[in-house]
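Inspection log for the structure reproduced underneath, given as structure tokens.
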Amino acid sequence: MKIAIIGFGSVGKGIASIIRDKGLGITVTAIADSKSAAIDNDGLDIQSVFTAKENSGICGKIGLTPDDVISDADFDVLIEVTPTDAETGEPALGYIRRALSSGRHVITSNKGPVALKYPELKALADENGVEFRFEATVCGAIPIIFSLQNGLAGNKIKRIYGVFNGTCNYILTRMADEKLTYSQALLEARELGYAEADPTYDVMGIDAAIKLVILANTVLGYEKTLEDVEIVGINMITSESLQLAGEDDLTIRLIGEIDCEKEMLRVMPRVLPKNHTLVVQDTLNAVTAETDLAGEVTLIGRGAGSVETASAIIADLLFIRKLNGRCA
């Protein structure tokens, strides 16, 4: 199986390192970053690409673009892991459309295209007889989409709710455990790389809301947008409120919820018992599905990180290979 990777930040590097180290029988024929691309249809030397990136800041030849990769490289699967634009989905949306239209499978960690254009992209994949997979868009290493679609097949899902953002969870954990202020905990999260320089998407609840939209549309068949989600972030939570809750063995977590009976989506801080299943620590995510047959099913794991997110990409990749034979 031959693959091309568009996006060579932390997730792209994680994917390449797993393929390099695990001997999965996968050939990487192209890698593109924001300024360059490397293409070798016989297979790139992945370590050489890492070395070039480390030494020069680029992975390949300046002037080559992701569009050149899609046009000129020989590959079966496009792995698209560029940063998310929740408003337009671009440029990832264009890359995904082109690859699907040319008969290539696509795997993405990019939430924008899936949240904005899932029905179109799924139809395009079906029309061209290829797979469009996106497990990594929701909760990183947790196989939440596959579990809801396949592991709970035959169940009526009544409600999906949980901790969908590791940055917020880390901040709230530190505020409660160490009595840090919101600003102090946010600064610590930035220093550790858990929060972006502009953490607005995370702390205002937007990232969690986008993930709810993806689950609602891909698993439940809704046609929701970000505007349909009621959103309250964590920026107004004080350490005093967490300490007060703690006196009664309670704490606060940012909870995303899909109420399937009402088709209602919301993200907001909730007061929960400290021993509640969803009260996970630091950057962990936790999601519970309430069903008619299986009861409550909860998945807990790492919701972000280079290798963790790459794990979900690799799982999708191996699923496609198994579905289509070793040469996808």
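The numbers here are math on the coordinates, done by the rules we state, and not lab data. Keep in mind it's a predicted model, so treat the numbers as computed, not measured. Cβ placement follows ideal geometry from the backbone for every residue including glycine, while neighbour counts extend to all protein chains displayed.
Below are the figures for this structure:
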| quantity | calculated |
| --- | --- |
| Antiparallel DSSP beta bridges within the chain, as percent of all bridges there, nearest 5 | 65 percent |
| Set of lysines near Lys179 by C-alpha distance (under 23 Å), chain-local residues within fewer than 8 positions excluded | Lys274 |
| Calculated volume of the Cα convex hull per residue in Å³ (choose from (1) 122; (2) 152; (3) 133), label | (3) |
| Rg to Rh quotient for the range 152-253, alpha carbon positions, Kirkwood Rh | 1.04 |
| Mean projected area (nm²) of the alpha-carbon convex hull when the range 9-114 is viewed from all directions | 6.4 nm² |
| The range 40-170: radius of gyration over Cα atoms, expressed as a fraction of 2.2 N^0.38 Å | 1.23 |
| MRE, 222 nm, helices only [DSSP H, n ≥ 4, -39500 (n - 2.57), over the chain, to nearest 500] | -11500 deg cm²/dmol |
| Inverse of mean 1/r across different Cα pairs in the range 93-178, Kirkwood, Å | 15.1 Å |
| The range 1-135 - share of DSSP beta bridges that are antiparallel (%, nearest 5) | 25 percent |
| Under 30 Å between alpha carbons - lysine pairs in the range 1-155 that sit 8 or more apart or on different chains | 28 |
| The chain, dipole about Cα centre (Lys/Arg Cβ +1, Asp/Glu Cβ -1), debye to the nearest 20 | 660 debye |
| Amide H within-cut-off set for Leu250, under 5 Å, with H built and near neighbours excluded | Lys274 |
| Packing rank of 131-140, 85-94, 189-198, where each peptide gets the mean count of other beta carbons within 10 Å, highest leading | 131-140, 85-94, 189-198 |
| Most to least packed among 9-16, 293-300, 66-73 [average Cβ atoms within 10 Å] | 9-16, 66-73, 293-300 |
| Positive minus negative residues near Glu127 (Lys, Arg vs Asp, Glu; Cβ under 15 Å) | +2 |
| Cα gyration tensor category, rounded, prolate or oblate, for the range 66-129 with a/c compared to 1.5 | oblate |
| Note, ³J(HN,Hα) from phi for the range 267-283, Karplus 6.51, -1.76, 1.60, rounded to Hz, x at Gly and Pro | 10, 6, x, 10, 8, 10, x, 4, 8, 5, 4, 7, 7, 9, 9, 6, 9 |
| D_trans [Stokes-Einstein, Kirkwood Rh over alpha-carbon pairs] for the range 271-328, 20 °C, 1.002 mPa s, µm² s⁻¹ | 152 µm²/s |
